[in-house]
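The values are calculated or read from the model by the stated rules, or taken from the named source; none is laboratory data. Not measured: the values here are computed from a predicted model. As a convention, Cβ positions derive from the backbone with ideal geometry for all residues, glycine included, and neighbour counts pool all protein chains shown. Note: accessible area is taken over every heavy atom of the protein model, side chains too, but ligands, DNA and RNA are not part of it. Shrake-Rupley method; radii C 1.70, N 1.55, O 1.52, S 1.80 Å.
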Amino acid sequence: MKFKKNILCIGAGYVGGPTMAVIAAKCPQYKVTVVDINEKRIREWESENLPIYEPGLDDIVKMARGRNLFFSKEIEKGINEADIIFVSVNTPTKTFGQGAGRAADLQYWERTARQILANSDSGKIIVEKSTLPVRTAEAMEKILNLNQEKIGFEVVSNPEFLSEGTAVKDLEKPDRVLIGSRETEAGIKARKEIVEVYANWVPRERIIESNVWSAELSKLTANAFLAQRISSINSISALCEKTEADIDEVAYAVGTDSRIGNKFLKASVGFGGSCFKKDILNLVYICQNYGLYEVADYWESVVKINEWQEGRFVRNMLAGMFNTVAGKKITVFGFAFKANTGDIRESPAIYVTRGLLEERAMVVISDPKALENAKKDLEDVKEGVSFEKDPYRAAEGSHAIAILTEWDIYRDLDYERILQSMATPAFIFDGRNILDHKKLFKIGFNVFAIGKSPLKHF
Ligand code: UDX
Ligand code: UDX
């Protein structure tokens, strides 16, 4: 079959895989190939067991795979044949040298640019899919245009906004798709080609076009704003605990103002996930580089409040349990950074668990999907931690339960049965405000929630 265009994606990760699967499913006229340096990952994408779990992903991959969706190890051949290349390699926070702990590590990114250059005989559109510092496209263009043969490359920014657990839905029905390019004739032509891909299923008014720098910066800004809302409500949760105001009531009252809106106002033990912290620190670093120290400090405070909220949770546990947890068994319900995923990257559960271990508690971790990842993360811990999937068994004999992920299963447990099996006095620390606190108090628990007055029997 003759395809209209060849699309290649470099990086078969969490972003590249689902995005390409949806493009292939919606656009049978394009041939979509996904490559990765990690050959095991490619084999998994070709198998029955995909390397990542997302609701709906299996079906669309099965539908398009072999028709116009291909996973391949041949990166160089893929580059050469492609008209459009999406780059979706990872851009972690730098762990060394200048900007360590804040700046984005662009080594994979630059290597990929050079690889594209070395294997291209014809002009291509390069699409930035990974989250990148604003003005990365400039560096990318400089590398690509080093070629002697005067092959033309256009760099376009098309950031992803998908959220784990709803990635397929976010791709099929996005709030918006953002496509930025240079505002030259060639830049606008390239931008239109990418618009044409998405217009196969996304309503035209939802496809936003902009200059390339705006597109790059909008991604970082969107994540910073989302995280800022969580830090804002979490900061107020601390004040609620001092004043008998109730954070859920405050969030509801505030969120019903249509100018504010009700999303991302759920107070919690803190936000986690691979993006928020990384992207904000990256934004902070960029601002510092431009000498915008006040702007940098403003955004950095969003991360600081989050770390403070995680620490505060541990301190509240300690204070609630008579200032000592040494030797006490504490059960953690939920280790994933949010419900419906096994992902634990930057999960507040990591921080809370380590904080409790420092206080010499015996921590039992329970989670329906994240136990393997939790074990890996806590590999260095020699004693004091164990893992038990079954929440009833996990809670047996413990002094306290800490809810750290909002999994539905934790709402519906038989807490009377759990209480019978626990040491007394029994405590629940609800880090996600998902339980019926009054009911738990009535049956005998001492209940501490985020942004609420504690319910204590003593
Ligand atoms: C993405 C984005 O790329 C990142 O910028 C954003 O902030 C978060 O989401 P993600 O898809 O989650 O990253 O990363 P990951 O699952 O680690 O996938 C990246 C893939 O790129 C890996 O499979 C890795 O093997 C591959 N890769 C990396 C290459 O193929 N070539 C390289 O040179 C480097
Ligand atoms: C986020 C962005 O939502 C997405 O657009 C971007 O592309 C990648 O980063 P993700 O990390 O998958 O997605 O998770 P998200 O649903 O945004 O949650 C992030 C963290 O915030 C989780 O730990 C979650 O529990 C927490 N959260 C979220 C709250 O504590 N309160 C809220 O009201 C919402």
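Note down the magnitude of the dipole of the stretch 206-359 about its Cα centre, charges +1 on Lys and Arg C-beta and -1 on Asp and Glu C-beta and zero elsewhere, to the nearest 20 debye.
Numbers: 17 positive and 18 negative charges, 78 e Å.
For the stretch 206-359, the charge dipole is close to 380 debye.
Count the net charge of all other residues whose Cβ sits under 14 Å from the Cβ of Leu419, scoring Lys and Arg as +1 and Asp and Glu as -1. Show your work: numbers first, answer last.
Working: positive: Arg417, Lys439, Lys442; negative: Glu396, Asp414, Glu416, Asp436.
Its environment carries a net charge of -1.
State in Å² the accessible area per residue of the chain; use a 1.4 Å probe, count heavy atoms of protein chains only, and round to the nearest integer.
Values: 21210 Å² over 458 residues.
On a per-residue basis, 46 Å².
Helix 107-118 sits at what angle to the longest principal axis of the chain, using alpha carbons and giving 0 to 90 degrees rounded to 10?
Its long axis makes an angle of about 20 degrees.
Would you mind checking which residues have amide H under 5 Å from Val177's amide H? H placed 1.01 Å from N; only 5 or more apart, or other chain.
Result for Val177 returns Ile207, Ile208.
Express the carbon and sulfur contribution to the solvent-accessible surface of the chain as a percent, rounded to the nearest whole number, probe 1.4 angstrom.
The value for the chain is 51 percent carbon and sulfur by accessible area.
Could you tell me the center-to-center distance, by alpha carbons, between the stretch 268-286 and the stretch 389-452 in angstrom?
That distance is 29 Å.
Counting every Cα pair in the stretch 357-456, what percent are over 22 Å apart?
Numbers: 1428 of 4950 pairs.
Distances greater than 22 Å cover 29 percent of the Cα pairs.
Which value in Å is the Kirkwood Rh of the stretch 284-325 over different Cα pairs? Mind dumping the intermediate values first?
Details: mean 1/r = 0.0836 Å⁻¹.
It is 12.0 Å.
What's the local net charge at Glu164, with K and R +1, D and E -1, over the other residues with C-beta under 9 Å away?
Working: positive: Lys338; negative: Glu54, Asp343.
Local net charge: -1.
Sort His399, His437, His457 from largest to smallest accessible area, using a 1.4 Å probe on the heavy atoms of the protein chains.
Working: His399 55, His437 25, His457 100 Å².
Ranking His399, His437, His457 by accessible area, largest first, yields His457, His399, His437.
Whose amide H sits under 5 Å from the amide H of Ile126, counting only residues 5 or more places off or on another chain, with H placed in the peptide plane?
The list, which skips near neighbours in sequence, is Ile85, Glu154, Val155, Val156.
Give the dimensionless ratio obtained when the Cα radius of gyration of the stretch 206-327 is divided by 2.2 N^0.38 Å.
Numbers: Rg = 17.2 Å, N = 122, 2.2 N^0.38 = 13.7 Å.
Output field value: 1.26.
Which ³J(HN,Hα) values, rounded to whole Hz and listed in residue order, are derived for the stretch 25-36 from phi using the Karplus coefficients 6.51, -1.76 and 1.60 in 6.51 cos²θ - 1.76 cosθ + 1.60 with θ = phi - 60°, glycine and proline given as x?
Along the stretch 25-36, the couplings run 5, 8, 10, x, 6, 9, 8, 10, 10, 10, 10, 7 Hz.
Let me spell out the model: positive unit charges on the Cβ of Lys and Arg, negative unit charges on the Cβ of Asp and Glu, origin at the Cα centre of the chain. What dipole size does that give, in debye rounded to 20?
Details: 62 positive and 64 negative charges, 44 e Å.
Once rounded to the nearest 20, the dipole reads 220 debye.
Just to make sure I understand: if all protein chains stay in place, what is the order of Thr221, Thr136 by accessible area at 1.4 Å, largest first? Walk me through the numbers on the way to the answer.
Details: Thr221 45, Thr136 10 Å².
Highest to lowest solvent-accessible surface, that is Thr221, Thr136.
Binning at 10 angstrom from zero up to the longest distance, how are the C-alpha pair distances of the stretch 45-193 distributed in percent?
Over the stretch 45-193, the share of Cα pairs per 10 Å bin runs 10, 32, 37, 19, 2 percent.
As an exercise, take the mean of 1/r over every pair of distinct alpha carbons in the chain, invert it, and state the Kirkwood radius in angstroms. All intermediate terms of the calculation are to be shown ahead of the outcome.
Values: mean 1/r = 0.0419 Å⁻¹.
By the Kirkwood definition, the hydrodynamic radius is 23.9 Å.
Would you work out which of Phe337, Ile418, Pro368 lies farthest towards the positive end of the dipole of the stretch 334-458, given +1 charges on the beta-carbon of Lys and Arg and -1 on that of Asp and Glu, about the Cα centre?
Final value for the positive-end residue is Ile418.
Can you work out the Karplus-derived ³J(HN,Hα) for every residue in the stretch 442-449? Use 6.51 cos²θ - 1.76 cosθ + 1.60 with θ = phi - 60°, whole Hz, and x for glycine or proline.
4, 7, x, 6, 8, 10, 10, 10
Could you give the dipole magnitude of the stretch 36-81 about its Cα centre, charging the beta-carbon of Lys and Arg +1 and that of Asp and Glu -1, in debye to the nearest 20? Write down the numbers at each step before the final one.
Details: 8 positive and 11 negative charges, 19 e Å.
Roughly 100 debye, rounded to the nearest 20.
Rank these residues by their accessible area, most exposed first, probe 1.4 Å: Asp175, Asp436, Asp279, Asp257. Each step should come with its number before you reach the end.
On the way: Asp175 125, Asp436 90, Asp279 0, Asp257 45 Å².
Listed by decreasing accessible area, they come as Asp175, Asp436, Asp257, Asp279.
If each DSSP helix of 4+ residues adds -39,500 (n - 2.57) and the sum is divided by the residues in the chain, what number results at 222 nm, nearest 500 deg cm²/dmol? Could the numbers behind the result be given before it?
Values: 17 runs with 195 residues, N = 458.
Result for the chain, helices only: -13000 deg cm²/dmol.
Angle check, please: helix 212-243 long axis (alpha carbons) against the longest principal axis of the chain (alpha carbons), in degrees 0 to 90, nearest 10.
10 degrees
Between the stretch 360-384 and the stretch 112-128, what is the separation of their alpha carbon centroids in Å?
When both Cα centres are located, 43 Å separates them.
Could you point to the residue in Phe71, Pro51, Ile143 farthest towards the positive end of the stretch 44-157's charge dipole, with +1 and -1 charges on the Cβ of Lys/Arg and Asp/Glu respectively?
Ile143
Tell me, what ³J(HN,Hα) does each residue in the stretch 180-191 have, in order and in whole Hz, if you take phi through Karplus 6.51 cos²θ - 1.76 cosθ + 1.60 with θ = phi - 60° and put x for Gly and Pro?
Values per residue, Gly and Pro as x: x, 8, 4, 9, 8, 4, 5, x, 5, 5, 5, 4 Hz.
Amide H neighbours of Ile365 under 5 Å, at least 5 residues apart or on other chains, H built in the peptide plane: list them.
Residues meeting the amide H criterion: Val332, Ser386, Phe387, Glu388.
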